[in-house]
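Here is the structure we will look at.
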Amino acid sequence: MRNITSVDPPNLFTVGLMNDAEPAVSAESSSALLARDFVQWCWGVGDDFHNSPDITNLQFWLQKSHINQSQAKEDEILVEARRLFLKKVEQAVRKADVSKVAD
């Protein structure tokens, strides 16, 4: 009987797929970085007012930041920005609840 190991030798097709996947990772990270910067801008207006992470604000921010809108993937940025924005809102609500309990 032959013992087959669980480690498969590299395949011509999987090597090509791994090389194609690397630029996608960098594109995702650039969208995530843009989303993080956009949320910081949305949140940074003041304590009493926050811009919403919507398409109009994103397009204004991209123009203000001198980022080429054709290169930016607006849908990916908006999805990640909304997730990050809601996370910041949740943290702010928790922080406010803790301060109420402490008083």
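No value in this document is a laboratory result; all are computed from the given coordinates. Since the structure is predicted, the reported quantities are computational estimates derived from the model, not experimental observations. Using ideal geometry, Cβ is built from the backbone for each residue, glycine included, and neighbour counts are taken over all protein chains shown.
Brief remarks on what is shown
- Relative exposure of 73, 64, judged by other C-beta atoms within 10 Å (fewest first): 64, 73
- The label-point distance for residue 33 and residue 88, in a model that sets each label 7 Å from Cα toward Cβ, rounds to 1.9 nm.
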